[in-house]
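For reference, the structure is listed below as structure tokens.
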Amino acid sequence: MTQIVRDPGFYEPSDEDDCSRYAYFCQAHERHYWHESCGEGPHLIALQCQEHGPENMWPQPLMLMFPEGFDPPLSDAQLAWARTDDDAV
């Protein structure tokens, strides 16, 4: 399974957004993802906003241990947001 944290074609969320309905969507199988029930083989998981479609998700603080490992790299907003968390490394 590959979880997509950021993609240039996805919507870039901001603090002004008031989105409330999200789900994980498997792009490889073109259906919602729930514990590998969307199909066999590898999964390509993206955060899906009901309003905006695929959306860049905010990384978990532990993902910041190696931020240069993301391709494409984390956006400045994602990096700043995650580093404000008390658990950020």
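The values are calculated or read from the model by the stated rules, or taken from the named source; none is laboratory data. Small disclaimer: the values here were computed from a predicted structure and weren't measured. Cβ coordinates were reconstructed from backbone atoms using ideal geometry, including for glycine residues, and neighbour counts include every protein chain displayed. What goes into the accessible areas is simple: the full protein's heavy atoms, side chains included, and nothing from ligands, DNA or RNA. Shrake-Rupley method; radii C 1.70, N 1.55, O 1.52, S 1.80 Å.
What the table shows:
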quantity: Hits in the range 42-69 - residues which are among the charged types (D, E, K, R) and either open to solvent by less than 100 Å² (accessible area, probe 1.4 Å) or at pLDDT 85 or above (or both); calculated: GLU51, GLU55
quantity: Filter result for ALA80 (of a type in the set (Gly, Ala, Ser) and modelled with pLDDT under 80); calculated: yes
quantity: Pair list, Cβ < 6 Å and 6+ apart or interchain, from the range 11-23 residues that are of a type in the set (Gly, Ala, Ser) to residues that are modelled with pLDDT of 85 or more; calculated: ALA23/HIS32; ALA23/GLN48
quantity: Pick from the range 1-41, criterion part of a loop (DSSP other than H, G, I, E, B), modelled with pLDDT of 90 or more and open to solvent by 50 Å² or more (accessible area, probe 1.4 Å), ranking: nearest to TRP81 (Cα to Cα); calculated: GLY9
